[in-house]
Each structure stands twice: as C-alpha cells, then as structure tokens.
Amino acid sequence: ITATFSRLVSRQPTGQETAKYTAFLKKNLDETSDPERSVKATMMAIYLSPEAIYRMEWGLGKTDSHGRRMLSPNELAYALSYALFDTPPGSRGRNQSRAIATAFQKNQLNTQKDIARVVSQVLNHEQHSPTAGRSTDNLPRIIRFFHQFFGYHHAPDVFKDSRRVNEHGLWHDPRTLVKDADNLIKSILRKDRDVFKQLLTTNHVLVFHNGDNQAQIDRHNRLIADLKSYDEQRVRNEIAKRKAGILKKPKYRANPRLVPPKIAAIEREGKNLLAQKKAELKRALARGISLGRVKSRNYRYIRAYNLDTKTWKWPSVQPFELPKSQRAGILTHPAWLVAHSLNDGNDPIHRGIWVYEKLLAGVIADVPPDVDARVPENPHKTLRQRLDILRAKACWKCHHKINPLGEAFESFDDFGRFRTRHYFDENKKLVTRSHHHVPGENGRDVVRSLNRDQLVAQGKYTTIPVNAAGSFDTLGIPGLKGDFKNAVQMIHAIAGTDRARQSIIRHLFRYFMGRNETLTDSATLINADQAYINSGGSLKAVIVSLLSSDSFVYRK
C-alpha cells in the first residue's frame, strides 16, 4: 500500500490513509479466496483516488483570519514544480525540481518565505548550471512564456511561397530563426538585468549560435585542426587503406578486372578530397565557419538579418551587434516579423493590435459584422498607401489606435529584412522581387540577374522612401507623445514606460496563475512590479514574488 501510494501520489500516505486502505485490503481478503484479486482491487482504489487523478489545489492548509485556505505543503510542491517544469516534484531527469521535493520532505514548505527561498534556489541552480541557456528543457515553462507572449515561435506556420523565396535570393529557414530568438532571450535571462527593456530594445543577436561561447570556440578550433591535418600524406594513407580493403573483398577477388578501375577511382577521389579540405580550410579561416560543413543554401537565411552571405564572417563569440538604427529587440527580430506577417506581405493591422494590447495594455473591439476588412489590391501602390482607406471616419475611430503602431514596421519586409525604399518597374508597378532576370537573345536563356539597385542606376526602376512614420498622439496614452520615424524609435519610446513594464508583469501573472487578474490581486501585481524595480530589472525576482504571493498560495 505504501509503495503504490508513494508511486502514484508522490508522497508518503498519512496514518489515516494507510489505515483506510489496509482495512479495505483486509475486507477484500475476507470476502474472496483470491489474494491476487484482493490486492488488485485495493491498488485500483488508490489509482482512482482524487489525488492520483487530479492536481489538488483546494487549499488543505491552514485558514487565515480572512477565511482563505493556504495550499498544503504537498499541494505547494506540485504547484511549484508544474509552474516551472511541467513535471511532478522530484521527477527523474529533472535535478532542479528535486529541491522542491526535498523541501517538502523536510517540512520546509509551510510559509511564503519558505516558498520564496525554494523558488530562488531552483532559479539560481538553473542560472549557474553548466547547461544553462543551451536548451529550452532546463526551465521549459519560462521560455514558453516568451513564446506565448511574443508569438515568434509561430514563424514556421506562416507559409512563404518557394518562388518568392528564390526571387529574393533567400533560403527561408523560420525554424532556425526561432532558435536564434530563443537563444537571444536566454542570453538576456542569464544576465537577468533590466530584462524587459533589453528584450524590447537590444540590437544584439545570436546567429547560428547556441549561446555557449566557449563551446563554439572549442568546436571551431577542432574544425580548423581537423582541416589542417588533411595533408598529402594523410590522404595517401587513406587511399592505401581503401586499396587494401578492396583487395580483401570477395567481389574483387573473384573478378580481378574490376580492381584497376576501382583503384583509379579511389585515387581520383583522394585528390578531390584534398582539394575539398583545402577549400574548406580557406573558407573556415576567412568566414569563421566552414560552409563545407554547413550547406550554403541553409546558411543563406542570415540575409533576413541584412547580413551578406559573401562577406559576413561568423563570430564564435556572440551575441554581436546589428546597426542600432535597424534593430530593437524581439519585435524587430526576423522570427517575430515573419510570425506576424502574411503569406505574401506584411500585416500592419495585427502587428499594431499586438503592440497595443500586449505592451500598452489596451483593448481593441472586434470588427463589426457589416465591415469588409479586406485591403483593396492595387499593384501601383504600397501597402501603406492602400491602407489609407482605413482613415475614413467610420474606420478611424478604432484604427487610430492600431495603424500608427503597425505601420511603423513597414521599415521591414515580410521576411524580416530592414529596408528603406520601395521599388517600381517601368510600368509603375510595385516590385517585390530583389532580382530581375535578363533573358538571352532567344528569349528563354537567362544570361544574367540584375538586382534592383542596378536597374535603378540604369533608369529602368524608380524608388520612393519607405514611410514608417507615426505618432503617439492619436493613442491618448499618458507618457507617450510625439512622432516617431519607424519601429525602432517607436519601440524605444514604449520600452521606457511604466505601462509596458507593468503590462508584461500582468501577462506573467496570468501565465503562472492560469487565470486573469482581479481587483483583489492588485497587491500581488504591485509587489511583483516593485520586486522588478528594486532588483534592477530581474525576471527571477518577479517569478519569486509571484510564486510566493497570496494569489498563488491561498484559495478561497
């Protein structure tokens, strides 16, 4: 009974529970002559007990003077473990959660100070772990909050036509962009200083990098050493081994005529291998990473960061800086921009709604049922020009909150690349391709591919500047006034407001509590905000404050 109960409920049964199930087992033994059947019936009763089936958060602890019931130590152990790890306390393979199980076993989960101490212990263990930041498995629920809050993990769900990808000279790889964004967030969380502002304003990125600089340096050094070891003598030795292996195979023993051409092929492969390794070494020394080990087409996804695949050198020490005028945090990261785009273009309306609701704590009414929400097509106009229709009086009463925020991201295309101009062809139509193929004399063979700037220089294309300007004055939000030129300026202004900080904390509250806030939770939200300010912008301090708060610990 004790073993079964401990395995299912992850705690030792109380004396009363042991006596209850023991009496049930004796009754079964008395009523049947089959001991095995009696034991199975008793075990089934434990399997069907509420605590084995449900997460119990009734508040089985002490009742305070307001009539609130505190979660019992066992309930707290489960609530804390699932809040951080998605697993019961002390689960195998989850060393950090054992601190929660140990505190419960030692009767050290009785007060809110006990809870704060245990949560701090868990978070500190993760911060100083040798694998900290290398995998979302360390603290999956924390990185998942940023997935759910920013929504950038949906980038792979946004279909981009392969023809458009090829026209832009890209190798669109949204999954790697999501990994890059994950690693950037984890690098900010490891420092745990001014977290929210860093997430919204940093111009640092990690590209093709897991955040472990020493591991990347060691890997690069091993790669260089391995490539340098490929000299003529090593290749000759490998050729000799392959030749010896050929002579031992029954196929060639039975048919000696096959041996000479096979050996000749091996020698040719050896010469080609030596040339290949020398080329790989040259690229690795010049570019910082061997494009021979990473398929070049996969590597082209870096163009989403406005990086040149021909000249950019991959740094083994990251994060590194992009131009401050082009990038500001997660909202200008290609993963977020792709996730909040359409199949064939930007989505300024929903981007504006996201900023207004998530960062400015606003509420947007649903689209009226009699409104046609489609943007009219016009190949001679930019998307922003086509959105002018929403400035009509009937639409602008809601869109004055949305459009200025969403149109600021027009300084990026729907692949996440920064841009300053729109291009128009000879027919004054908007050009969406980055290259124009020039046919040969027979009209079919492509002889060269010119980029848009070359065609502008030849007078075939014209351009107009991208209009990403907007104003906070239409929003009517205290602390936000004046105009901005683009998304970077807009985000820097928003990130410095109390409203943005408190809005993120409110979403953290909803995430960890599993419900919306009420008026009685105001003290919890205020305390979490003060914990963030007093700690110099520590996310860890906010989590400790929330998980040890009255809102988390007490039930009515």
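The values are calculated or read from the model by the stated rules, or taken from the named source; none is laboratory data. Predicted, not measured: the structure shown is a model, and the values here were computed from it. Neighbour counts run over all protein chains shown; Cβ positions are idealised from the backbone, glycine included. Just the protein is used for accessible areas: all its heavy atoms, side chains included, with ligands, DNA and RNA removed. Shrake-Rupley method; radii C 1.70, N 1.55, O 1.52, S 1.80 Å.
Assorted remarks:
- The Kirkwood radius of segment 208-285, taken over pairs of alpha-carbon atoms, gives through the Stokes-Einstein law at 20 °C and 1.002 mPa s a diffusion coefficient of 145 µm² s⁻¹.
- Distance histogram in 5 Å bins (all Cα pairs of segment 473-535, percent per bin): 3, 15, 22, 19, 15, 14, 9, 2, 0
- Accessible-area order (highest first, 1.4 angstrom probe) of the listed residues Arg163, Arg144, Arg236, Arg287: Arg163, Arg236, Arg144, Arg287
- Share of carbon and sulfur in the accessible area of segment 1-99 stands at 55%, probe radius 1.4 Å.
- Relative contact order for segment 139-230, counting Cα pairs under 8 Å that sit 6 or more residues apart, in percent: 23 percent
- Projecting the Cα atoms of Ser471, Leu525, Leu200 onto the dipole axis of the chain, where Lys and Arg carry +1 and Asp and Glu carry -1 at the beta carbon, places Leu200 farthest toward the positive end.
- Shape metrics for segment 151-190, restricted to C-alpha atoms - Rg then Dmax, Å: 12.5, 40
- Solvent-accessible surface ranking, highest first, for Phe196, Phe159, Phe208 at 1.4 angstrom: Phe159, Phe208, Phe196
- Cβ-derived FRET efficiency at R0 60 Å, Arg515 paired with Leu285, nearest 0.05: 0.60
- Pairs from the list Lys271/Lys313; Lys191/Lys556; Lys278/Lys324; Lys393/Lys429 with a Cα-Cα gap above 32 Å: Lys191/Lys556; Lys278/Lys324.
- To the nearest 10, the accessible area of Asp498 is 90 Å² with a 1.4 Å probe.
- Counting only aspartates and glutamates at least 8 places from Lys481 when in the same chain, those with an alpha carbon closer than 20 Å to its own are Glu357, Glu407, Asp473, Asp498.
- When the pairs Lys358/Lys540; Lys197/Lys485; Lys401/Lys428 are compared against a 24 Å limit on Cα-Cα distance, Lys401/Lys428 fall above it.
- Solvent-accessible heavy-atom area per residue, rounded to whole Å², over segment 308-358 at 1.4 Å: 38 Å²
- On the principal axes of its alpha carbon atoms, segment 274-390 extends 70, 34, 23 Å, with the longest extent given first.
- Candidate membrane-span-like segments in the chain, meaning DSSP H helices with Cα atoms spread over at least 27 Å of their own axis and a Kyte-Doolittle mean of -1.0 or above, are 259-287, with no membrane implied.
- Take the Cα radius of gyration of segment 243-282 and divide it by 2.2 N^0.38 Å, N being the number of residues; the result is 1.51.
- Candidate lysines - alpha carbon under 27 Å from Lys20, same-chain residues fewer than 8 apart omitted: Lys40, Lys62, Lys106
- Only helical runs count toward this figure. For the chain, summing -39,500 (n - 2.57) over DSSP H runs of n ≥ 4 and dividing by all residues gives -14500 deg cm²/dmol at 222 nm.
- Whole-percent carbon and sulfur share, accessible surface of segment 273-415, 1.4 Å: 55 percent
- Calculated P(r) of the chain - Cα pairs past 35 Å, %: 55 percent
- Straight-distance candidates among the aspartates and glutamates for linking to Lys262, with alpha-carbon spacing under 19 Å and chain neighbours fewer than 8 residues away dropped: Glu238.
- Packing, as the average of other Cβ atoms within 10 Å across residues, places the peptides 413-422, 460-469, 479-488, 376-385 in the order 413-422, 479-488, 460-469, 376-385, highest first.
- Computed over segment 176-314, the P(r) tail beyond 22 angstrom holds 58 percent of alpha carbon pairs.
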